[in-house]
Amino acid sequence: MFSNVYKKIYNKIKKYDNIVIARHIGADPDALGSQMGLRDIILNTFPQKKVYAIGVPSSKFKYLGYLDKLDNVKSSSLLIVVDTPDLKRVDGINISEFADSIKIDHHPFIEKFCNLEWIDENASSSSQMIIKLVFNTKLKFTREASEKLYIGLVSDTNRFMFSYTSPETFELVSKLIKKTNINITSLYDNLYLRPYKEVKFQGYIENNLMITENGFAYVKINNDIIKEYSVDAATPGNLINNLNFIEEIYAWAFFTEDIKNNTIRGSIRSRGPIINDVAFKYNGGGHMYASGVRFNSLDECDSLIEDLDKRCKEYKENVE
């Protein structure tokens with residue numbers, strides 16, 4: 001199946017002169033890396049095409065490169081959506097304005113919204129899927145695109161530590177490094193360096209973490225705390241993997257008030273219990289061990305907290 005889908009995706013890219021690449025709201029390094037990496041690869045392969053990577057920019061990940069402004073969409077354009085399983089989470093587009101569409105995603109399937117969909121739940125990241133696509137077509141890497149894809153893959157696997165890091169992940173990374181000669185050591189600086197105010201904010205999270213007897217941990221962060229530590233609403237979600245090695249915790253969540261977007265950001269992680277079906281119940285979703293939700297108020301999080309605590313209890317009883 002996959003060899004056929006590579007050819008289909010390549011032929012669509014080759015066919016259209018105007019291509020728009022979108023990804024999910026609240027962009028992370030994998031969404032941005034796969035999006036901008038694919039844009040650069042298409043332009044390197046077909047310099048005459050017009051290719052746009054669009055969406056709300058993220059100041060934290062600006063080192064990954066620039067996003068494009070799209071004044072209008074030509075009805076003859078191809079849309080490619082990466083790293084996004086459902087239509088409501090696509091950032092900045094109206095899919096009906098496009099002549100054709102492709103989805104490239106590694107999340108569990110939620111809904112079909114593109115004409116051609118390549119979904120690989122076994123892939124560590126959408127960046128891994130783009131790397132594999134290039135190696136199986138006539139698309140051509142650039143060094144800069146390869147760096148973006150490597151960062152996206154490393155971020156989504158948490159430096160190859162998450163369970164969906166497979167032998168294929170290592171094989172593709174090895175092949176990418178040999179092909180493009182990227183300096184992986186220098187790439188970690190941008191990904192993991194952080195200002196001291198974030199370190200202090202991390203201390204606030206750990207000091208205010210609520211841990212249940214079932215091994216579920218959570219913290220609610222209102223806008224006053226965000227302002228006190230001079231961070232933004234995206235910061236807690238960027239720090240959430242740091243709790244991965246606390247012995248007493250099986251799953252954990254950060255709920256953050258985002259005044260700018262009038263929402264509550266919920267980031268959920270797990271090192272055992274499956275959580276994405278619980279998140280889906282609250283119109284969220286994601287991976288089995290890494291998911292997200294949105295609420296209108298911090299009080300609305302309580303029901304989800306109860307359900308996640310129950311999931312941890314079930315897991316704990318089975319493990320013991």
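Only Lys, Arg, Asp and Glu carry charge here, each on its Cβ (+1 for the first two, -1 for the last two); on that basis the stretch 190-320 has a dipole of about 500 debye about its Cα centre.
Answer rounded, prolate or oblate for the stretch 2-191, using the Cα gyration tensor with square roots of eigenvalues a ≥ b ≥ c: rounded when a/c is under 1.5, else prolate when a/b is larger than b/c, else oblate. Since a/c stays below 1.5, the shape of the stretch 2-191 is classed as rounded. Based on C-alpha pairs under 8 angstrom that are at least 6 apart in sequence, the chain has a relative contact order of 13 percent.
Relative contact order of the stretch 197-319: 23 percent, from C-alpha pairs under 8 Å at least 6 residues apart in sequence. For the chain, the alpha-carbon coordinates run over 58, 40, 38 Å along the three principal axes, in decreasing order.
Compactness ratio for the stretch 197-319: Cα radius of gyration over 2.2 N^0.38 Å (N = residue count) comes to 0.99. Counting 0.36 nm for each residue step from ASN244 to TYR196 and taking away their Cα separation leaves a gain of 15.2 nm. The residue among VAL20, PHE46, ILE80 whose Cα reaches farthest toward the positive pole of the charge dipole of the stretch 2-191, with charges on the beta-carbon of Lys, Arg, Asp and Glu, is PHE46.
Projecting the Cα positions of VAL90, PHE201, PHE295 onto the charge dipole of the chain (unit charges on Cβ atoms of Lys, Arg, Asp and Glu, taken about the Cα centre) puts VAL90 furthest along the positive direction. Note on the stretch 204-258: Cα-only Rg and Dmax are 11.3, 33 Å. Charges were assigned to the Cβ only: +1 to each Lys and Arg, -1 to each Asp and Glu. The resulting dipole of the chain about its Cα centre is roughly 1720 debye.
Dipole size of the stretch 2-191 about its Cα centre, with +1 on Lys/Arg Cβ and -1 on Asp/Glu Cβ: approximately 700 debye, rounded to the nearest 20. Could you give the longest part of the chain that holds none of the chymotrypsin sites (Phe, Trp or Tyr not before Pro) found in DSSP loops with at most 15 neighbouring Cβ atoms within 10 Å? Value returned for the longest uninterrupted segment is 161-244. Inter-part distance, the stretch 287-317 to the stretch 61-100, computed on C-alpha centroids, equals 30 Å. The overall shape of the stretch 226-298, judged from the alpha-carbon gyration tensor, is oblate: a/c is not under 1.5, and a/b is no greater than b/c. Quick one: grab the alpha carbon gyration tensor of the stretch 93-211, order the square roots of its eigenvalues as a ≥ b ≥ c, and give me rounded if a/c is under 1.5, else prolate or oblate depending on whether a/b is larger than b/c. Taking the square roots of the gyration eigenvalues as a ≥ b ≥ c, the stretch 93-211 is oblate. Pairs exceeding 28 Å between alpha-carbon atoms, taken from LYS88/LYS178; LYS60/LYS220; LYS200/LYS220: LYS88/LYS178. The label-point distance for SER59 and ASP299, in a model that sets each label 7 Å from Cα toward Cβ, rounds to 3.2 nm.
Per residue, the average separation of C-alpha pairs within less than 8 Å and at least 6 apart gives the stretch 1-93 a relative contact order of 42 percent. Dipole of the stretch 167-262 computed with +1 at Lys/Arg Cβ and -1 at Asp/Glu Cβ about the Cα centre; of TYR250, PRO167, LEU187, farthest Cα towards the positive end is LEU187.
No value in this document is a laboratory result; all are computed from the given coordinates. Source: prediction; values computed, not measured. When we count neighbours, we look across all protein chains shown, and the Cβ atoms used for this are built from the backbone with ideal geometry, even at glycine.
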